[in-house]
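Have a look at the structure below before the remarks.
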Amino acid sequence: MKIAFYGSSLVSAYWNGAATYYRGLLRALAAKGYDITFYEPDVYDRQKNRDIDPPEWARVVVYDGTVEALKRVAVEAAQADIVVKASGVGFEDDLLLAEVLRHARPEAMKIFWDVDAPATLAELRAHPDHPLRQALGQLDTVLTYGGGDPVVAAYRSLGARDCAPIYNALDPETHHPVPANPGFAADLGFLGNRLPDREARVEHFFLEPAAQVPGQRFLLGGSGWEGKPMAGNIRAIGHVPTRDHNAFNVTPKAVLNISRESMAQNGFSPATRVFEAAGAGACLITDYWEGIELFLKPDEEILVARDGQEVVEIMAGLTRERAEAIGRRALDRVLSAHTYAHRAEDADRIFKRFAERREAAE
């Protein structure tokens, strides 16, 4: 089956947190025989900051950030059996959705794939006349990369015919154990861009704990932190390319996951970083969110902190030996249950079930 996937970017992770998700999932679907074309706009300097070449397992179409170019690539939806419009494409999202739905064949499966359900749902609730909310009835399903039952129920209440989570996962070809890199040496590392929905939580779970333990070293990776006041034992290194994420994860004694506020409130929303770190065999400390135990076992495969003080307490008692043991168990767990091959099985079942229903109705 042919998939036309309209998303933010497959070839660049620059200001594009969905890149790892897209790559892992679509590669796994291609391995199952799907013929995939990924359409992405040339915006936000992403094409100037590519971190992979166009892959063999998907055709990548980059189009100019203009309405004319958008309409031109939307016409190609007519060639696909499955048409996907992702959230957060970054250029004229509402128009893109309308154009893609206009050109998709009646028998094609039409999907809205939400890579930031909490933010999308908040916007839909605030604006009853939102174009996406009005279009839900034309879509065959909504797929999300997190949120669980709360998000499924919310989308159905807004008029979606169906909704299901296809969670983040591990891409073992991209994220795996590597030798430590002295350039990332620290007791605790955190990797994340500066975002309004997360900044206060970064202060609470990372910056404030660092100030309480001046004898420990903290490493901050990610864009946008320039000018942010922070303790002298924090080393901010700016953007960390995807190719260096494995070394960033395995070198510090532990790494920290901090969910955005909306993700933490919804629960059942493991960030890509959770699986990146576990896949590298890192010892991961995460802020608390409901549903953690569905993915990793607290205290054995992951450490959980409900506030900054608990981060301080965990780090005070965490030996290198225990950290390494937690990392090994986390790696074993994600390889056995949480790879993108597992997620592709979930998506494949949904696609085939739709095709079977469509055939039965004809």
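The values are calculated or read from the model by the stated rules, or taken from the named source; none is laboratory data. Here the structure is a predicted model, which is why all the values come from computation and not from measurement. Reconstructed Cβ throughout: ideal geometry from the backbone, glycine too, with neighbour counts over all protein chains shown. These area figures cover heavy atoms from the full protein model, side chains too; ligands, DNA and RNA do not enter into them. Shrake-Rupley method; radii C 1.70, N 1.55, O 1.52, S 1.80 Å.
Things worth noting here:
- Flag for SER269 being more than 30 Å from TYR34 (Cβ to Cβ) and either acidic (Asp, Glu) or assigned to a loop (DSSP other than H, G, I, E, B) (or both): no
- The residues in the stretch 19-65 that are out of contact with any Leu (no Cβ under 9 Å at 6 or more places or on another chain) and of a type in the set (A, V, I, L, M, F, W, C) can be counted, and the count is 8.
- Of residues in the stretch 163-182 being open to solvent by 20 Å² or more (accessible area, probe 1.4 Å) and among the aliphatic types (A, V, I, L, M), the one farthest from ASN246 (Cα to Cα): ALA164
- Only a single criterion out of (1) touching a residue at least 24 places away in the same chain (Cβ under 8 Å); (2) over 28 Å from HIS239 (Cβ atoms); (3) assigned to a helix (DSSP H, G or I) is not satisfied by GLU68, namely (1).
- Being open to solvent by 20 Å² or more (accessible area, probe 1.4 Å) and either among the basic types (Lys, Arg) or not in a loop (DSSP other than H, G, I, E, B) (or both) holds for only one residue in ALA13, ALA30, and it is ALA30.
- Pairs, first closer than 15 Å to ALA280 by Cβ in the stretch 183-195, second assigned to a loop (DSSP other than H, G, I, E, B) and small (Gly, Ala, Ser), C-beta under 6 Å, six or more apart: LEU191/GLY222
- Residues located in the stretch 183-209, provided they are small (Gly, Ala, Ser), surrounded by 15 or more Cβ atoms within 10 Å (Cβ to Cβ), modelled with pLDDT of 95 or more and part of a loop (DSSP other than H, G, I, E, B): ALA186
- Flag for GLY159 being surrounded by fewer than 23 Cβ atoms within 10 Å (Cβ to Cβ), farther than 29 Å from ASP45 by Cα and not charged (D, E, K, R): yes
- For first residues located in the stretch 309-334 and of a type in the set (Lys, Arg), partners that are assigned to a helix (DSSP H, G or I) and lie 6+ apart or on another chain with Cβ distances below 8 Å form the pairs ARG333/ALA278.
- Single match in GLU92, GLU76, GLU40 (criterion: acidic (Asp, Glu) and in contact with a Pro (Cβ under 9 Å, 6 or more places away or on another chain)): GLU92
Conditions (1) modelled with pLDDT under 95; (2) closer than 20 Å to THR174 by Cβ, marked per residue:
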site: ALA18; (1), (2): yes, yes
site: LEU26; (1), (2): no, yes
site: LEU29; (1), (2): no, yes
site: PRO41; (1), (2): no, no
site: ARG50; (1), (2): yes, yes
site: TRP57; (1), (2): no, yes
site: ILE82; (1), (2): no, no
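- Candidate set from the stretch 328-362 (those that are among the small types (Gly, Ala, Ser), in contact with a strand residue (DSSP E or B) (Cβ under 8 Å, 6 or more places away or on another chain) and crowded, with 17+ Cβ neighbours inside 10 Å); member that is farthest from LEU188 (Cα to Cα): ALA347
- Qualifying positions in the stretch 116-138 - within 21 Å of ARG198 (Cβ to Cβ), open to solvent by less than 40 Å² (accessible area, probe 1.4 Å) and either not in a helix (DSSP H, G or I) or not hydrophobic (A, V, I, L, M, F, W, C) (or both): ASP116, PRO118, THR120
- Residue satisfying all of: in the stretch 302-322; part of a helix (DSSP H, G or I) and within 20 Å of ALA271 (Cβ to Cβ); most open to solvent (accessible area, probe 1.4 Å) among these: GLU310
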